[in-house]
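Every number in this text was worked out from the coordinates using simple rules, so none of it is lab data. As the structure is a prediction and not an experimental result, all values here were calculated from the model. No Cβ is skipped: glycine too gets one built from the backbone with ideal geometry, and neighbour counts run over all protein chains shown.
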Amino acid sequence: MLRPLSFAPANADLWDRERLRQKGGGMDRADRNMPGNARPPSNEPAARPAAEVSQQSDRVNLENELRSRVRQQEALAQLGERALVEPDLERLLNDAVSTVAVTLAVDFVKILELLPGAGELLLRAGFGWTTNLVGTILTTSEPGTFARFTLNSAAPVVIADFGSEARFEVTSYLQDHHCTSGINVTIAGRDGRAYGILGVCTARRRDFGPQDISFLAAAGNLLAGAIQRRQLEQRHELMIRDMRHRTGNLFSQLLALFSQTAKTSKSIADLTNKYQARVLALANAHRLITESGWTSIPIMELLGVVLGPYIERASLDGPNIDLEPDPVFNLSAALHELAANAIKHGSLSRPKGQLELHWSANRTERGMTLMLDWIEMNGPPARRPRRTGFGSRLIDLVIARQLNGEVTRTYSRKGLTVKMLVPLTHERWPSAAATENIDRMTG
């Protein structure tokens, strides 16, 4: 009877030594030729050492990272080339959010514009959001908000999990879209002011790597340069058109001012003083506008120019919001008339007379609206005039007609109170419709 074949060596010590040699990295040629050292056959593939598996895994990860970096660099190069040749800023922003979404493989991308005045943020372009959100106010930059935290941060803000975030309050639109992880970077603006925010988020938890963060920061810087350059070009175009339009109006205003002032003046000296003061108010408003490069002007700067030497007798209370050239020019004329009346007949005509100005910017049916209260105290009682003077008519003209605002006067024993409502504009660059309107007026 045949005995079954056995592959175990006759000497058990030799088999043990063979296993030890294999654990130590194999056996040399002499050992393999020694009798009794035959290895049992096996159908399983030989296992690779752990070090070799780890090296191959690291090599694959490195190759994937290099491919990702190349893809991101190509995306930035294409976006930069588009920024140089695309005249339409809206198209550029829409291309940017699509490029970022595809390159980073995220669910949502947003470009928020920080609006002047109340600090609201408008969704200027977006990817993945509900379609009706684009072009609407998504959030504000009030303290404690995600937007304010981003704007105050010098580095990109990375969120691993919005659900456990304790640094700020998570905005409702992020919760509605089930955002879990994300990154926000600030888009720089002109004169040290932020233009807005570029941000991404994902529906599933994701740990963004350093190269993802660097890519988004680079995209934000690229957009900042393109936006500033386009705004500057359009501002120059608008300034040239507006200067042509204003030059014609200015001569008409000067003639009207002289004619109306002459009718209400008692003498040549009285005419000279009143007319010089009103022309100086117009000149100061033009100086503010031109020195700022036809950009927005802080309201505190306007009040300082208008009130001049009486600024110490005035109490100012309100946010230092930025006003566009048209509100600056017309408000300066209205405030000058109020100040001139207060100096001659109102609270500033008395040594202990005081002036209070309160203002705020709020959203109304007309959009963002400036609400300004002019309150005179410790002066003579205010009586309703029998006949409306030119100063009052001028205030109504520049506020109600030219700015589409409202003026309400209250006369009491405590003094005169004037409430003015002035609609503000959100646009930081002229739209196509606005440019066509200016062309028609100046053509």
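For R206, the residues whose amide H sits under 5 Å from its own are S181, ignoring neighbours fewer than 5 places away on the same chain, with H placed 1.01 Å from N.
Among the listed pairs K266/K419; K274/K352; K110/K419, which are separated by more than 28 Å between their Cα atoms? As for pairs spanning more than 28 Å Cα to Cα, those are K266/K419; K110/K419.
Contact order for region 62-230, expressed relative to its length and based on alpha carbon pairs under 8 Å spaced 6+ residues apart, stands at 21 percent. A simple rule links phi to the HN-Hα coupling: the Karplus curve 6.51 cos²θ - 1.76 cosθ + 1.60 with θ = phi - 60°, which for region 91-100 gives 5, 4, 5, 5, 5, 5, 5, 5, 5, 5 Hz, with x for Gly and Pro. With contacts defined as alpha carbon pairs under 8 Å and 6 or more residues apart, what's the relative contact order of region 137-233 in percent? It comes to 24 percent, rounded to a whole number. Would you mind computing, in nm to one decimal, how far apart the modelled labels at A283 and L84 are, each placed 7 Å from Cα along Cα→Cβ? Inter-label distance under the simple model: 4.7 nm. Highest mean packing comes first when the peptides 66-72, 316-322 are listed by Cβ atoms within 10 Å, giving 316-322, 66-72. Descending by average beta-carbon neighbour count within 10 Å, the peptides 347-353, 196-202, 361-367 line up as 196-202, 347-353, 361-367, the highest first. Annotation: amide H-H contacts under 5 Å for L403 (H modelled 1.01 Å from N, sequence separation of 5 or more, or interchain): none. Region 357-373 and region 105-158 have their alpha-carbon centroids 23 Å apart.
The residues packed around K263, meaning those with a beta-carbon under 13 Å from its beta-carbon, carry a net charge of +3 if Lys and Arg are +1 and Asp and Glu are -1.
Close amide H contacts of G415 (hydrogens built in the peptide plane, cut-off under 5 Å, sequence separation of 5 or more or a different chain): A382.
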